[in-house]
Amino acid sequence: MEISSLSSKKVSFHTLGCRLNFSESGAIAQGFVDRGYEVVEFGTSADVVFLNTCTVTDGADSACRNLIRKAQVSSPEAKIVVAGCYAQMEAEKLKTMQGVDLILGTSEKYKVFDYLDSEKEHEVHIDKSSEFWGAATTLADSRTRAFLKIQDGCNYVCSFCIIPFARGRSRTITVADALVEAKALAAKGFKEIVLTGVNIGEYESISGERLTDLVKRIADIPEVMRLRLGSVEPNTVTRELLETLKATGKYQDHFHIPLQSGSDQILTSMRRKYTTAHYKDLLAEVQSFFPEAAFGADVIVGYPGETEEQFLETFNLLRTQPLTHFHVFPYSKRKGTTAAKLENQIQSSVKKDRVRTLVMLGDAKLADFAANRVGQTTEVLFENEVDGFWEGYSSNFLRVRVRSGELLKNEIRRIRIEGHHQAMRSTWLSGSLA
Ligand code: SF4
C-alpha cells in the first residue's frame with residue numbers, strides 16, 4: 001500500500017469508548033501532525049485510518065467491526081490500523097477481517113509510527129508493557145475542554161470487567177510530568193482540564209504522591225481556570241479529597257461515581273468495594289461540600305442472576321438519590337472475567353427493557369435537575385456556535401445555549417438561566433449574559 005508524497009498525507013481517526021481513549025487518540029493524532037500528516041474527518045478519503053477501539057461491551061466490539069468496514073469503503077487504499085482494547089483482546093478475530101493492516105494493543109498503539117511502513121497485512125503487536133504512556137488533548141482535537149491522562153490500567157478485579165485484562169495493572173504519570181502537560185495545555189489556551197484515567201482515585205506517583213497532591217499542584221497553575229475529575233471509584237472519594245477539591249476554588253460541581261448496581265447482593269458478586277449504604281452516604285457527603293453538584297453514575301443492568309426485585313432496588317436507588325447523569329450498560333459477557341462463568345445469564349430482551357427503563361428515568365431526572373436551575377446564574381465555558389447560539393457547559397455539566405453577537409469561543413462567562421428545554425433525549429438550558 002503506497003503512501004502518497006509527504007505534503008498530502010492524510011490520516012483519519014475514529015475513537016470509541018472512554019475519555020481516556022479520546023485523550024490517547026489526541027496524543028497519537030499529534031504524532032501524525034508532527035510527521036506532516038493532515039488529520040481529516042473519518043469517512044473521507046485518507047492514507048491511514050486509525051481506529052482506537054473499546055471492548056467493554058458486545059456493542060463496542062461490533063461497532064469496531066462496522067468501522068473497519070466503513071473505512072474500507074471510504075479509503076480502499078488506506079492502511080487500516082485497529083488499536084486499543086478490542087485489538088488487545090481480539091487480535092485473532094481481527095486477523096480474519098479483510099482490509100485490516102495493523103493490529104496494535106493498548107501499549108503498542110503509541111508505537112504506530114514504527115510499523116506504518118511495513119507491507120505486511122494483519123500485522124499484530126499486542127505486547128503489554130508496564131510503561132506509562134502520557135496523553136493529553138491537543139489542538140488537533142479541536143476541543144475546548146482538555147483531557148489529561150494521569151493513570152492507566154487497574155488493580156481491581158471487578159467480576160464483569162475486561163479493562164484490567166486489556167490495559168494491565170495500574171500505573172501513573174509523575175507529578176512533575178503532569179505539571180508539564182497541564183502547563184502546556186494552559187499555554188495552548190485550554191481553560192478547563194479533566195484529569196482522566198481508568199481508576200484515578202488510586203493515583204499514586206512513584207514518589208508516593210496521591211491524587212490530592214496532584215490536584216493541588218495542577219490547581220495552582222494560574223491559567224488553569226476549571227478542573228474536573230473523570231470517573232472516580234466510590235471507595236476512593238475520601239473526605240480529604242473533597243476538602244482538597246473544595247479548597248482549590250476551581251473544581252467544578254460535577255462528580256462521576258460509578259454505582260453499577262443498587263443491590264448489595266449484586267455488588268458483592270461484582271466484587272465492588274462498597275455497599276449501597278456507603279454509596280448513599282458518600283453522595284450526601286459530597287453534597288455537603290458541593291451543594292450544587294451534579295452526579296453521574298455508571299450502571300449495569302442484567303448482571304447474571306439479576307432478579308426483578310434486585311433491578312427494582314437499582315431503579316429505586318437511582319430514583320431517590322441526587323443522581324442526574326446516568327450511563328446505563330446492558331451486562332456484557334467478557335471472555336476471561338469471572339462473571340462470564342456465572343449461571344443465570346439474563347436474556348437480552350430483559351436487558352433491553354431494563355436499559356430502556358433506566359434511561360427514561362435518567363432523562364427525567366436530568367430534566368428536573370435542569371429545570372431547578374432556572375432563575376440562577378452560573379459560569380459557562382463556551383465551546384462552539386450552533387445555529388446562532390453559543391453553546392457550552394455549566395459547572396454542573398449542563399449544556400447552556402446563549403444568543404450573543406460576541407465571540408464567546410473558549411470564554412468563561414456568567415449566565416442568567418432563563419429557561420430549560422428538552423427535545424428527544426437531550427436537555428439544555430437557555431439564558432443570557434449576566
Ligand atoms: S475499577 Fe473495576 S470496573 Fe473499573 S476498571 Fe477497574 S476492574 Fe474495571
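Quick look at the numbers
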item: Condition met for E24 (of a type in the set (D, E) and either part of a loop (DSSP other than H, G, I, E, B) or without any contact (Cβ under 8 Å) to a residue 60 or more places away in the chain (or both)); result: no
item: Per-region count, segment 92-116, residues among the β-branched types (V, I, T), closer than 16 Å to I68 by Cα and part of a helix (DSSP H, G or I); result: 0
item: Condition check for E313: of a type in the set (D, E), touching a helix residue (DSSP H, G or I) at 6+ places or on another chain (Cβ under 8 Å), surrounded by fewer than 20 Cβ atoms within 10 Å (Cβ to Cβ) and closer than 13 Å to R354 by Cβ; result: yes
item: Selection count where residues are within 30 Å of V157 (Cα to Cα) and polar (S, T, N, Q), scope segment 339-397; result: 6
item: Residue in segment 182-205 that is nearest to the ligand (Cβ to nearest atom), counting only those that are over 23 Å from E240 (Cβ atoms) and assigned to a helix (DSSP H, G or I); result: L185
item: Residue within segment 242-255 that is under 22 Å from D152 (Cβ atoms), of a type outside the set (K, R) and within 15 Å of the ligand (Cβ to nearest atom) present; result: no
item: Positions within segment 231-255 being closer than 30 Å to K351 by Cα and in a strand (DSSP E or B), in sequence order; result: S231, H254, F255
item: K93 vs. criteria touching a residue at least 12 places away in the same chain (Cβ under 8 Å) and either open to solvent by 10 Å² or more (accessible area, probe 1.4 Å) or farther than 19 Å from A136 by Cβ (or both); result: no
item: Residue that is least open to solvent (accessible area, probe 1.4 Å), among those in segment 414-432 that are out of contact with any strand residue (DSSP E or B) (no Cβ under 6 Å at 6 or more places or on another chain) and part of a strand (DSSP E or B); result: T427
item: Positions within segment 96-112 being surrounded by 20 or more Cβ atoms within 10 Å (Cβ to Cβ) and closer than 22 Å to P164 by Cβ, in sequence order; result: I103, L104, G105, T106, S107, E108, K109
item: Test result for R228, assigned to a strand (DSSP E or B) and either more than 21 Å from W133 (Cβ to Cβ) or within 16 Å of the ligand (Cβ to nearest atom) (or both); result: yes
item: Criterion violated by D281 - all others in (1) within 30 Å of V374 (Cα to Cα); (2) within 16 Å of the ligand (Cβ to nearest atom); (3) without any contact (Cβ under 8 Å) to a residue 12 or more places away in the chain satisfied; result: (2)
item: Qualifying positions in segment 337-352 - of a type outside the set (S, T, Y), part of a helix (DSSP H, G or I) and surrounded by 13 or more Cβ atoms within 10 Å (Cβ to Cβ); result: A339, A340, V350, K351, K352
item: Test: residue in segment 256-265 that is assigned to a helix (DSSP H, G or I), modelled with pLDDT of 95 or more and more than 16 Å from the ligand (Cβ to nearest atom); result: yes
item: Flag if K365 is under 25 Å from the mean Cα position of the chain (by Cα) and assigned by TED's automatic domain parsing to the domain that holds Q321; result: yes
item: Residues (over 20 Å from the mean Cα position of the chain (by Cα) and hydroxyl-bearing (S, T, Y)) located in segment 76-119; result: T96, Y115, S118
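Listed here are the residues, each with its yes/no results for (1) β-branched (V, I, T); (2) touching a residue at least 40 places away in the same chain (Cβ under 8 Å); (3) under 13 Å from S432 (Cα atoms); (4) crowded, with 20+ Cβ neighbours inside 10 Å.
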| residue | (1), (2), (3), (4) |
| --- | --- |
| R354 | no, yes, no, yes |
| M360 | no, no, no, no |
| L366 | no, yes, no, yes |
| T377 | yes, yes, yes, no |
| N384 | no, yes, no, no |
| D387 | no, no, no, no |
| W390 | no, no, yes, yes |
| G405 | no, no, yes, no |
| E411 | no, no, no, no |
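So that you can scan it fast, the table gives a plain yes or no per residue for (1) open to solvent by less than 60 Å² (accessible area, probe 1.4 Å); (2) outside any loop (DSSP other than H, G, I, E, B); (3) away from the ligand (no atom under 13 Å from the Cβ):
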residue: G134; (1), (2), (3): yes, no, yes
residue: F147; (1), (2), (3): yes, yes, yes
residue: Y156; (1), (2), (3): yes, no, no
residue: S159; (1), (2), (3): yes, no, no
residue: A166; (1), (2), (3): yes, yes, no
residue: R169; (1), (2), (3): no, no, no
residue: V180; (1), (2), (3): no, yes, yes
residue: G208; (1), (2), (3): yes, no, yes
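Condition check ((1) in contact with a Cys (Cβ under 8 Å, 6 or more places away or on another chain); (2) within 30 Å of L318 (Cβ to Cβ); (3) among the hydroxyl-bearing types (S, T, Y)) across all residues:
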residue	(1), (2), (3)
A182	no, no, no
I193	no, yes, no
Y203	no, yes, yes
G208	no, no, no
I221	no, no, no
M225	no, no, no
E233	no, yes, no
K246	no, yes, no
S261	no, yes, yes
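The values are calculated or read from the model by the stated rules, or taken from the named source; none is laboratory data. Remember, predicted model here, so these are calculated numbers, not experimental data. Heads up, the Cβs are rebuilt from the backbone with ideal geometry, glycines too, and the neighbour counts pull from every protein chain shown. Accessible surface is based on the protein model in full, side chains and every heavy atom, while ligands, DNA and RNA are left aside. Shrake-Rupley method; radii C 1.70, N 1.55, O 1.52, S 1.80 Å.
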